[in-house]
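Novice: Below is the structure I would like to discuss, written out as structure tokens.
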Amino acid sequence: MLTLGIETSCDETAVSLVEDGRILSSIISSSVHLHAAYGGVVPEIASRYHVEYIYPVLRKALIDADRVLKNIDLVAVTSNPGLPGSLIVGKAFARAVSFAAGVPLVEVDHIHAHIFSSFIDREERAFLEVAFPFVGAVISGGHTSIYICKSFNDISAIGRTRDDAAGEAFDKVAKIMGLDYPGGPIVESKASIYRGKDEILFPRALLKDRTDLDFSFSGIKTAVLYYWRDSDKGEATIEKICFSFQEAVIDVIISKLKRALEHTGLNKLAIGGGVVNNKELRRKITQFSNEQNVDLFLPKKEYCADNAAMVATLGEELYKGS
Ligand code: KG4
Ligand code: ZN
């Protein structure tokens with residue numbers, strides 16, 4: 001079965017061709033450079049970019065996969081959640097393609113697609129059926145949530161952020177210190193230069209109540225703001241803040257994931273989303289999973305952030321199961 005996946009929920013215009021779970025092509029064109037000056041995604045700019053780039057991105061995805069439109073058996077598109085104007089472009093385009101090709105259209109939840117991104121294009125995919133139930137998590141610019149995943153369409157949230165998402169906190173902290181957007185990769189690279197201990201110890205929110213699986217990252221953002229305001233604002237200080245901030249965020253994420261595993265009695269964990277690009281986060285989650293005998297599934301780097309391969313692969317599974 002050949003599935004065409006379309007993803008336009010935020011600032012990435014992405015199209016992918018997937019054949020029976022194998023990725024033939026995954027093209028992503030991002031408008032991130034156009035939002036950089038604003039320190040965050042501007043919905044109107046993102047929508048206009050999707051309108052302009054969705055067709056060339058589709059063409060490239062077809063060429064790279066060495067397929068034509070009439071080979072397609074299924075169209076899968078991100079339906080929710082996302083920026084309304086951006087989602088509309090992808091959905092309207094997907095409908096037009098499914099109509100023109102005379103094939104069914106399946107709608108995919110963006111968050112669910114992130115959860116299953118760990119199983120894309122690798123041997124564990126064959127393991128997916130027996131992996132259920134597992135604890136799934138999405139740590140991205142828009143979401144920081146934990147789920148119990150019992151099947152492809154039985155996914156229930158057990159923890160969510162009460163304010164900022166983890167990626168959003170990286171972006172806002174970078175902005176406070178005058179660093180570029182998106183902040184995540186920059187904060188990570190500054191943190192990696194720092195050679196000292198975590199001297200600042202930024203607050204770790206919502207850790208006292210051991211049953212609480214929710215997140216809150218707005219307090220740490222404010223703590224960075226005050227620390228920065230009273231600092232010398234030098235390069236060494238930036239590196240120190242980035243390091244301590246990253247330590248605090250990773251600490252909280254790992255504590256909450258540990259709790260989710262304890263709370264559910266499960267020992268399998270799959271995590272997706274842009275923040276999973278972070279090498280220190282990956283290292284610490286891998287270390288804790290090894291220590292606790294947890295089966296851990298992390299996406300390949302190219303499938304952490306928004307992409308259409310995750311939409312096509314989950315769309316194919318949902319269609320086959322329907
Ligand atoms: O999954 P994604 O592309 O978009 C959403 O669905 O939200 O995630 C983007 C987020 C941004 O906030 C970005 O700063 C963050 O992921 N991010 C990182 C890293 N790379 C991207 N955060 C921390 N460390 C990174 N290396
Ligand atoms: Zn996303």
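Novice: Does the range 58-78 contain any residue that is within 16 Å of ligand 2 (Cβ to nearest atom) and out of contact with any His (no Cβ under 8 Å at 6 or more places or on another chain)? Step through it out loud before you land on a result.
Specialist: Taking the range 58-78 first, the residues within 16 Å of ligand 2 (Cβ to nearest atom) are 76-78.
If we keep only those that are out of contact with any His (no Cβ under 8 Å at 6 or more places or on another chain) too, we end up with 76-77.
Among the residues of the range 58-78, at least one is within 16 Å of ligand 2 (Cβ to nearest atom) and out of contact with any His (no Cβ under 8 Å at 6 or more places or on another chain), which makes the answer yes.
Novice: In the range 19-70, what count of residues is obtained for those that are among the aromatic types (Phe, Trp, Tyr) and within 21 Å of Lys172 (Cβ to Cβ)? Quick ask: steps written out before the conclusion?
Specialist: Going residue by residue through the range 19-70, those that are among the aromatic types (Phe, Trp, Tyr) are 38, 49, 53, 55.
The next check asks that each one be within 21 Å of Lys172 (Cβ to Cβ); those that pass are 38.
Within the range 19-70, residues that are among the aromatic types (Phe, Trp, Tyr) and within 21 Å of Lys172 (Cβ to Cβ) number 1.
Novice: Being of a type in the set (D, E, K, R) and touching a residue at least 24 places away in the same chain (Cβ under 8 Å) is the filter; apply it to the range 46-77 and report the residue that is nearest to Leu34 (Cα to Cα). Lay out the reasoning, then the answer.
Specialist: Restricting attention to the range 46-77, the residues satisfying the condition of being of a type in the set (D, E, K, R) are 48, 52, 59-60, 64, 66-67, 70, 73.
If we keep only those that are touching a residue at least 24 places away in the same chain (Cβ under 8 Å) as well, we get 60, 64, 66-67, 70, 73.
Values: Lys60: 22, Asp64: 26, Asp66: 31, Arg67: 31, Lys70: 34, Asp73: 35 Å.
Per the criteria, the residue is Lys60.
Novice: I would also like to ask the following. Could you tell me whether Ala94 is more than 25 Å from His143 (Cβ to Cβ) and buried (at least 16 other Cβ atoms within 10 Å of the Cβ)?
Specialist: Here the answer is no, as Ala94 does not meet what is asked.
Condition check ((1) within 24 Å of Arg283 (Cα to Cα); (2) touching a Pro at 6+ places or on another chain (Cβ under 9 Å); (3) among the aromatic types (Phe, Trp, Tyr); (4) touching a residue at least 24 places away in the same chain (Cβ under 8 Å)) across all residues:
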site	(1), (2), (3), (4)
Gly142	yes, yes, no, yes
Ile148	yes, yes, no, yes
Asn153	no, no, no, yes
Ile158	no, no, no, yes
Pro203	yes, no, no, yes
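Novice: Could you count how many residues in the range 63-89 are surrounded by fewer than 20 Cβ atoms within 10 Å (Cβ to Cβ) and more than 19 Å from the chain's Cα centre (by Cα)?
Specialist: 11
Novice: Oh, and also: For the range 131-183, give me every one of the strands (runs of 3 or more DSSP E) that falls completely inside it and has 2 or more residues that are within 16 Å of ligand 2 (Cβ to nearest atom) and crowded, with 22+ Cβ neighbours inside 10 Å.
Specialist: Correct list: 134-139, 144-151.
Novice: Can you tell me how many residues within the range 80-136 are of a type in the set (Val, Ile, Thr) and modelled with pLDDT under 95? Explain how you work it out, then say what you get.
Specialist: At the first step, the residues of the range 80-136 found to be of a type in the set (Val, Ile, Thr) are 88-89, 97, 103, 106, 108, 111, 115, 120, 130, 135.
Within this subset, residues satisfying the condition of being modelled with pLDDT under 95 are 120, 130.
So the count comes out to 2.
Novice: Let me ask you something else. Residue under question is Val41, and the condition is that it be hydrophobic (A, V, I, L, M, F, W, C) and over 28 Å from Val103 (Cα atoms); does it hold?
Specialist: So Val41 fits the description; yes.
Novice: So which of Ile111, Ile120, Ile115 ends up being under 13 Å from Ser16 (Cα atoms) and of a type in the set (A, V, I, L, M, F, W, C)?
Specialist: Among Ile111, Ile120, Ile115, only Ile120 is under 13 Å from Ser16 (Cα atoms) and of a type in the set (A, V, I, L, M, F, W, C).
Novice: Checking the conditions here, which among Ser218, Ser192, Ser255, Ser244 is touching an Asp or Glu at 6+ places or on another chain (Cβ under 8 Å), away from ligand 2 (no atom under 16 Å from the Cβ), of a type outside the set (A, V, I, L, M) and closer than 17 Å to Ser145 by Cα?
Specialist: Step by step, each of Ser218, Ser192, Ser255, Ser244 is checked, and only Ser218 is touching an Asp or Glu at 6+ places or on another chain (Cβ under 8 Å), away from ligand 2 (no atom under 16 Å from the Cβ), of a type outside the set (A, V, I, L, M) and closer than 17 Å to Ser145 by Cα.
Novice: Do you know which residues across the range 255-274 are farther than 14 Å from Leu298 by Cα and touching a residue at least 12 places away in the same chain (Cβ under 8 Å)? Write out each step before concluding.
Specialist: Step one: filter the range 255-274 for residues farther than 14 Å from Leu298 by Cα, giving 255-256, 258-267.
Scanning the range 255-274 gives Ser255, Lys256, Lys258, Arg259, Ala260, Leu261, His263, Thr264, Leu266, Asn267.
Novice: Out of the residues in the range 6-26 meeting the condition of being of a type in the set (S, T, N, Q) and in a loop (DSSP other than H, G, I, E, B), tell me which one is farthest from Gly273 (Cα to Cα).
Specialist: Thr8
Novice: Among the listed residues Glu262, Glu239, identify the single one that is in a helix (DSSP H, G or I), in contact with a helix residue (DSSP H, G or I) (Cβ under 6 Å, 6 or more places away or on another chain) and surrounded by fewer than 20 Cβ atoms within 10 Å (Cβ to Cβ).
Specialist: Just a single option satisfies the conditions, and that option is Glu239.
Novice: Another question, then. Within the range 278-313, track down each residue that is more than 9 Å from ligand 1 (Cβ to nearest atom) and among the acidic types (Asp, Glu).
Specialist: Across the range 278-313, the qualifying residues are Glu291, Asp295, Glu302.
Novice: Now, a different point. Quick test of your reading of the structure: Val51 fulfils all but one of (1) of a type in the set (A, V, I, L, M); (2) under 21 Å from the mean Cα position of the chain (by Cα); (3) part of a helix (DSSP H, G or I). Name the failing condition by number.
Specialist: The failed condition is (2).
Novice: When you go through (1) surrounded by fewer than 17 Cβ atoms within 10 Å (Cβ to Cβ); (2) in contact (Cβ under 8 Å) with a residue 24 or more places away in the chain; (3) not small (Gly, Ala, Ser) one by one for Arg195, which number turns out not to apply?
Specialist: Every listed condition holds for Arg195 apart from (2).
Novice: Within the set of pairs 6+ apart or on separate chains, which have a first residue in the range 206-221 that is closer than 18 Å to Gly167 by Cα and among the β-branched types (Val, Ile, Thr), a second that is at pLDDT 90 or above and loosely packed, with under 15 Cβ neighbours inside 10 Å, and C-beta atoms under 8 Å apart?
Specialist: Partner pairs satisfying both residue conditions: Ile220/Pro203.
Novice: May I pose another question? Let me confirm something: among Val275, Val249, which residue is over 22 Å from Arg210 (Cα atoms), β-branched (Val, Ile, Thr), near ligand 1 (Cβ under 10 Å from one of its atoms) and surrounded by 17 or more Cβ atoms within 10 Å (Cβ to Cβ)? First the steps, then the outcome.
Specialist: Working: Val249 fails: over 22 Å from Arg210 (Cα atoms).
Answer to the check: Val275.
The values are calculated or read from the model by the stated rules, or taken from the named source; none is laboratory data. In this text, all values refer to a predicted model and were calculated from it rather than measured experimentally. Every residue, glycine as well, gets a Cβ built from its backbone with ideal geometry; the counts of neighbours run over all protein chains shown.
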